[in-house]
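*Asks:* Quick one: structure below, then a few questions.
Quick note: the coordinates plus some simple rules give every number you see, no bench work behind them. Computed from a predicted model, the values in this text were never measured in an experiment. A quick note on method: Cβ atoms are made from the backbone with ideal geometry, for glycine too, and the neighbour counts reach across all protein chains shown.
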Number of protein chains: 2
Amino acid sequence: MKAADVVIIGGSAAGLTAAVTTRRHYPDKSILLIRKEEQVLIPCGIPYIIGTVGSPEKNLMPDTPLEKNNIDLIVAEVTGIDCEGKTVTAGGEEIAYDKLILATGSLPAVPPIPGFDLEGVYAVQKDVDYMRDFQQRLTEVSEVVIIGGGFIGIEFADEILKTGGKTVTIVEILPHCLSLAYDEEFCVEAEEVLRERGIDVRIDTRVEEIVGSGRVEGVRISDGSTLPADMVVLGIGAVANVELAQKAGLRLGLTGSIAVDSTMRTSDDNIFACGDCAEKLSFFGGRISPLKLASIASTEARVAGANLFGVTRDNPGTVGVWSTAVGGFALGTAGLTEKMALDNGYEVAVGSVEGPNRHPGIMPGASSTKMKLVFEAKTGVLLGGQIRGGDNVGGLINSVAACVQQRMTAEEVAMFQTGTHPALTASPVAYPLVNAAEIAIGQMRSRS
Amino acid sequence: MKAADVVIIGGSAAGLTAAVTTRRHYPDKSILLIRKEEQVLIPCGIPYIIGTVGSPEKNLMPDTPLEKNNIDLIVAEVTGIDCEGKTVTAGGEEIAYDKLILATGSLPAVPPIPGFDLEGVYAVQKDVDYMRDFQQRLTEVSEVVIIGGGFIGIEFADEILKTGGKTVTIVEILPHCLSLAYDEEFCVEAEEVLRERGIDVRIDTRVEEIVGSGRVEGVRISDGSTLPADMVVLGIGAVANVELAQKAGLRLGLTGSIAVDSTMRTSDDNIFACGDCAEKLSFFGGRISPLKLASIASTEARVAGANLFGVTRDNPGTVGVWSTAVGGFALGTAGLTEKMALDNGYEVAVGSVEGPNRHPGIMPGASSTKMKLVFEAKTGVLLGGQIRGGDNVGGLINSVAACVQQRMTAEEVAMFQTGTHPALTASPVAYPLVNAAEIAIGQMRSRS
């Protein structure tokens, strides 16, 4: 029987990172990664296939990390796991493992809406052929409706718009797009940017039915009208892919994802899980976290891979750090928004600042950066931050993330020694992270 | 007699930040800032006056923070401090203070080289009229020699080159440019970039004499040759401006800067000092730090301003975080380089990685980012990091700075939850900060 010390099921961000981490921490173990895709799409890059990057083939995860790290690869579907016998069945063949990592990812959520199975309704599948078909279809249509105004929805909307000659409409059921990641003032700005670019943004709007006979013809919405549509894209989130785990008898968590402890171990001592398929707890208070992101998957994979033959790492829970960009407009978030913090029962102090990301503000490439930091009011501990700006947002939000994860207080953030440069950053006198903390300190002091 | 609760001498990064911080922490105190300049240049922006920004008038610190924070301003030279009587003499007038902050900055260092007083030899003065004259002179010359290949030297060289029609030569006495901030491999890359842009870079070269009769004609260097020059720029650093402090009898430190404790208090209980004029201790081991940066000045000013009427903040010492850019090429550093760490007696483990700062690597704006992290080998504590990349370097080096200042271990850095996005950052699978830490962990493990 074929055998490996470590078998990993799944080849996306979680599976690949778990494999490389296992190699780093266990140089002498044999490692086998089994995935069902011949080629794996970079998950966060999928929207950019449409307009910016050009084709699925240009958005592939390379196999070089596998080769360089002496990790075997089998492309096959795993159909069963025998926890007792410690084997998996892949492409009809039994393979023995000592430790198993499940990185089976997620599947697009399908809404309980009549008509979602009409021809011309697309989900966002992490599949090269599917996305090739998606792109082909785009060349034939003129009216696209996107259901869901989260990250996936707005990124697809903008990329589809770039292909030209189409109307693009986003339908969002909540009062604002992106409202699960940002406070209202940031969401409103994002909606303005989308509208300026020519996207019809319908907020506070429910989709009642996708209409058509055989093929999609329109989307009936809660105001009673029907938006004409010859293509519909579902961007309403993802559900953990737990079929294999469930069949194998592994315990599922509250959200139906695979239950894991903080070492990423499942209910079976020899099986770990990480990424979209694994249940997540929040860094804040340990509540269930609904987030599914490749960056979270990678962190969890680094915990799982390191812990296989002896625990050295604990997952402190999901902070939630993400960014998005539409044209030159970017948003980043780390940890809790003000609304989330209040909803979770925290008393908060908030510091918001806005200023140029260069100094002087006429340096080339300058744009205005807005930063909002949310602190717990009694202890001063940083709960989260949000940033709106240009392409500096990706790096800046990770500075905030480091402060959040270190549970820094407003005082510690205010004393954060940053580097500054006219061509690269805001002025040291008005560095946003530091100044937002100072403002919150003033607020806390005036209350006490 | 005129009087203010708090008097601040100096209006650059330290003075302005100290004033605003004082207002934030003491809403009811009267604050008076005295500076000798009618208009204050943004210090780090001075090189960019030449080519990018266009004139000194476009590189001014605004007075709006003073107005908004109800801070009085007097433009006058302070000629004396009476510590006993708690008064300063400004423009011939006596002004009483309760607390005094010295933010008198620094003056350009002048080398012990014959000929530095010839006409056509310029230092980098933080003075609008001086820089206007400097720019005027540039229109009349064709051969510029810059003495010193540190940040100021290379930024001036590149900006002067942009004005066109000139040869520009940098003469650096050390084996490499920028070698007080970066390890050799980064310095070599920077030198290559400067040479590609057309700058003649002479390393390991001492200036013996600036030659000319009345007016500069050339620079004689250690290989015996003389570089022709009709303009010479000194970029060899700065010395603390301590004249007032010394006259007032305040104690000076080992480097001749104003001695301060970790609350930024001088040897007089009612006088604080911050910025270039104040002595600095390193975050690492508390040794004397020679660094003089506006970002450090701002942090120190936030300590001084907060502590005037009751200590709430401690300066943990200077981490040293800085970045520079030449065209699209940027370098950032935080904390100790590998060489500095070794010179200071640390045993180190190093992780270096290189990869694109977008994912996939063909996303617009992608460039290759190289990151090197240096850890103390026994404890795993992060001592410093260096980055070479594009304009993402400014934000990214501040993420490293947060990790350094929190004394995070390699394990903690590897578990750092970062946000990623195709258009803004590296892939989560290969996030440089995390991967460099993993490499160092492997190194530490294989040794033990």
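*Asks:* Check which residues have an amide H placed less than 5 Å from A:V319's amide H, if you skip close sequence neighbours.
*Replies:* Close amide H contacts, sequence-distant or interchain: A:F283.
*Asks:* Provide the net charge surrounding B:V141, with neighbours chosen by a C-beta distance below 11 Å and charges set as Lys +1, Arg +1, Asp -1, Glu -1.
*Replies:* Overall, the nearby charge balance is 0.
*Asks:* Give the distance, in whole Å, between the Cα centre of the range A:88-130 and the Cα centre of the range A:151-188.
*Replies:* 25
*Asks:* How far apart, in nm, are the 7 Å Cα→Cβ label points at B:V188 and A:T79?
*Replies:* Once both label points are built, they end up 5.6 nm from each other.
*Asks:* 222 nm [θ] for chain A, helices only, -39500 (n - 2.57) per DSSP H run of 4+, per residue, to 500?
*Replies:* On the way: 11 runs with 113 residues, N = 448.
The per-residue figure over chain A is -7500 deg cm²/dmol.
*Asks:* Next question, about the same structure. Pairs B:K36/B:K58; A:K280/A:K370; A:K36/A:K292: which are spaced more than 28 Å apart, C-alpha to C-alpha?
*Replies:* The answer is A:K280/A:K370.
*Asks:* Using the count of nearby Cβ atoms within 10 Å as a rough guide to exposure, how do B:E67, B:E208 rank from fewest to most? Each step should come with its number before you reach the end.
*Replies:* Numbers: B:E67 10, B:E208 16.
With the sparsest Cβ surroundings first, the list reads B:E67, B:E208.
*Asks:* I would also like to ask the following. Which distances, shortest first and in nm, link B:G164 to the matching position in the other copies, using label points set 7 Å out along Cα to C-beta?
*Replies:* Copy-to-copy label distances at B:G164, shortest first: 3.5 nm.
*Asks:* Let me know the mean shielding of B:406-418 by other chains, meaning the per-residue number of their Cβ atoms within 10 Å of its Cβ.
*Replies:* The shielding value for this peptide is 6.
*Asks:* When DSSP beta bridges are limited to those with both residues in the protein assembly as shown, what percentage is antiparallel, rounded to the nearest 5?
*Replies:* Around 60 percent of the beta bridges assigned by DSSP in the protein assembly as shown are antiparallel ones.
*Asks:* I want the antiparallel fraction of DSSP beta bridges within the range B:17-110, as a percent rounded to 5.
*Replies:* Among the beta bridges of the range B:17-110, antiparallel pairing accounts for roughly 70 percent.
*Asks:* Here is a further query. Per residue, what volume in Å³ does the convex hull of the Cα atoms of the range A:309-412 enclose?
*Replies:* It is 142 Å³ per residue.
*Asks:* Among DSSP beta bridges lying fully in chain B, give the percent that are antiparallel, nearest 5.
*Replies:* For chain B, the DSSP antiparallel bridge percentage is about 60.
*Asks:* All other residues with a Cβ under 15 Å from the Cβ of B:S368 taken together, and with Lys, Arg as +1 and Asp, Glu as -1, what is their net charge?
*Replies:* Net of charged neighbours comes to -1.
*Asks:* Arrange the peptides A:3-14, B:280-291, A:400-411 so that the one whose residues have, on average, the most other Cβ atoms within 10 Å appears first.
*Replies:* Listed from highest to lowest mean packing, they are A:3-14, A:400-411, B:280-291.
*Asks:* Using 0.36 nm times the number of residues separating B:E119 and B:R137, minus their current alpha carbon distance, what extension gain do you get? List each step's numbers first, then the result.
*Replies:* On the way: separation 18, 0.36 × 18 = 6.48 nm, distance 1.06 nm.
Answer, rounded to one decimal: 5.4 nm.
*Asks:* If you don't mind, another one. Work out from phi, with θ = phi - 60° and the Karplus expression 6.51 cos²θ - 1.76 cosθ + 1.60, the ³J(HN,Hα) of each residue of the range A:294-308, listed in order in whole Hz, and give x for Gly and Pro.
*Replies:* The phi angles translate into 4, 5, 5, 4, 5, 4, 4, 5, 6, 6, 4, x, 6, 8, 4 Hz.
*Asks:* Put a dot 7 Å past each Cα toward the Cβ at B:E411 and B:E93; how far apart are the dots in nm?
*Replies:* Result: 6.2 nm between the two label points.
*Asks:* Continuing with the same structure: Contour minus end-to-end for A:R215 and A:T255, with contour as 0.36 nm per residue of separation and end-to-end as the Cα-Cα distance?
*Replies:* 11.1 nm
*Asks:* Please average, across the residues of A:43-50, the number of beta carbons from any other chain that are within 10 Å of each residue's own beta carbon, and give a whole number.
*Replies:* 4
*Asks:* Additional query: Starting at the first residue of the range B:388-404, write each ³J(HN,Hα) from the Karplus equation 6.51 cos²θ - 1.76 cosθ + 1.60 with θ = phi - 60°, in whole Hz, x for Gly and Pro.
*Replies:* 10, x, x, 7, 6, 4, x, x, 5, 5, 6, 5, 4, 4, 4, 5, 5
*Asks:* Given the peptides A:218-228, B:366-376, B:41-51, arrange them by the average over their residues of other C-beta atoms within 10 Å, most packed first. Can you show the working numbers first?
*Replies:* Working: A:218-228: 16.0, B:366-376: 22.3, B:41-51: 24.3.
Those peptides, ordered most packed to least, come out B:41-51, B:366-376, A:218-228.
*Asks:* Separate question: Going by C-beta contacts inside 10 Å, put A:R447, A:R388, B:R265 in order with the fewest on the left.
*Replies:* With the fewest neighbours first, A:R447, A:R388, B:R265 line up as A:R447, B:R265, A:R388.
*Asks:* Quick query: amide H of B:L252 versus all other amide H atoms, modeled in the peptide plane; which residues come in under 5 Å with a sequence gap of 5 or more or a different chain?
*Replies:* Those lying under 5 Å, H to H, from B:L252 are B:A259.
*Asks:* Still on this structure, please answer the following. Taking a point 7 Å out from Cα toward Cβ as the label site, list the nm distances between B:T379 and the same residue in every other copy, smallest first.
*Replies:* Nearest first, the other copies' label points are 2.4 nm away.
*Asks:* Okay, moving on. Counting only other residues whose beta carbon sits under 14 Å from that of B:K162, what net charge do I get with K and R as +1, D and E as -1? The partial results should precede the final answer.
*Replies:* Values: positive: B:K166, B:R197; negative: B:E155, B:D158, B:E159.
Its environment carries a net charge of -1.
*Asks:* How much length is gained on full extension from B:K378 to B:L60, taking 0.36 nm per residue of separation minus their Cα-Cα distance?
*Replies:* 109.8 nm
*Asks:* Amide H to amide H, which residues 5 or more places from A:V239 or on other chains are under 5 Å from it, using H placed in the peptide plane?
*Replies:* For A:V239, whose amide H was placed from the backbone, the distant partners under 5 Å are A:L107, A:A109.
*Asks:* Which whole-Hz couplings ³J(HN,Hα) result when phi for each residue of the range B:31-40 is put into the Karplus expression 6.51 cos²θ - 1.76 cosθ + 1.60, θ = phi - 60°, listed in order with x for Gly and Pro?
*Replies:* Couplings: 10, 10, 9, 10, 9, 8, 8, 4, 10, 10 Hz.
*Asks:* Nearest beta-carbon of A to the rotation axis carrying it onto B: which residue, how many whole Å?
*Replies:* Per the A/B rotation axis, the closest residue of A reads A:G395, 1.
*Asks:* Let me ask you something else. Whole angstrom only: what separates the Cα centroid of the range A:297-363 from the Cα centroid of the range A:24-60?
*Replies:* For the range A:297-363 versus the range A:24-60, the Cα centre distance is 24 Å.
*Asks:* In nm, what does the list of distances from A:N344 to its counterparts in the other copies look like, shortest first, when each label sits 7 Å along Cα to Cβ?
*Replies:* In nanometres, ordered from closest: 3.5.
*Asks:* Report, to one decimal in Å, the Kirkwood hydrodynamic radius for the protein assembly as shown based on all distinct Cα pairs.
*Replies:* On the way: mean 1/r = 0.0341 Å⁻¹.
Radius from the Kirkwood sum: 29.4 Å.
*Asks:* Please compute, for peptide A:3-16, the average count of beta-carbon atoms on other protein chains lying within 10 Å of each residue's beta-carbon. Let's see the in-between values first.
*Replies:* Details: counts 0, 0, 0, 0, 0, 0, 0, 0, 0, 1, 4, 2, 1, 3.
The shielding value for this peptide is 1.
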